[in-house]
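Below is the structure I would like to discuss, written out as structure tokens.
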Amino acid sequence: MTLKILNPTFEPAISAQGMAERPASLAGKRIGLLSNDKLNASELLDAIHEVLSDTFELGIPVRLNRGNASAPAPTEMLEGIATEIDVALLGNGD
């Protein structure tokens, strides 16, 4: 009998392909807060927005809840919010 030992680690690969360009500053930007409906996700996003507001003059946040933590946000929701915001923050709670 042969015992085969596997190494479960790997080198992370970070790809910038398909990622949105980051703004130079958040000043004057409208932030979208997209919650996954888990406990404390909305509160976490609100707290992050509040901290960012201490540094940058932000617009009123657009709050959305995708309603199902185990499924992707509906395409219609993402397309709709994309026209209203400059930057999106996504939150996982628990």
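Label-point separation (nm) for Val62 and Glu76, each offset 7 Å from Cα along Cα-to-Cβ?
Each label point is offset 7 Å from its Cα along the Cβ direction, giving 1.6 nm.
Using 0.36 nm times the number of residues separating Ser15 and Val51, minus their current alpha carbon distance, what extension gain do you get?
10.1 nm
At 0.36 nm per residue, minus the direct Cα-Cα distance, what do Ala27 and Val87 gain on full extension? Give it in nm, one decimal, please.
Between Ala27 and Val87, full extension yields 20.5 nm more.
Which one, [x] 1.45; [y] 1.02; [z] 2.22, gives Cα Rg over 2.2 N^0.38 Å as derived from the coordinates shown?
Entry [x].
Quick one: Val87, Val51, fewest Cβ neighbours within 10 Å first, how do they rank?
Least to most surrounded, the residues fall as Val51, Val87.
Taking the Cα centre of the chain as the origin and placing charges on Cβ (Lys, Arg +1; Asp, Glu -1), which of Leu33, Leu58, Ile5 is farthest toward the positive end of the dipole?
Ile5
Further question on the same structure: When Ser15, Ser25 are ordered from fewest to most other Cβ atoms inside 10 Å of their Cβ, what list results?
Ranked by crowding around the Cβ, least crowded first: Ser15, Ser25.
Quick one: which residues, 5+ away or cross-chain, put their amide H under 5 Å from the amide H of Asn65? H built at 1.01 Å from N.
It is Ser35, by chain and number.
FYI, it's all coordinate maths here, none of it is from the lab. Quick caveat, the model's predicted, so the values are computed rather than measured. As a convention, Cβ positions derive from the backbone with ideal geometry for all residues, glycine included, and neighbour counts pool all protein chains shown.
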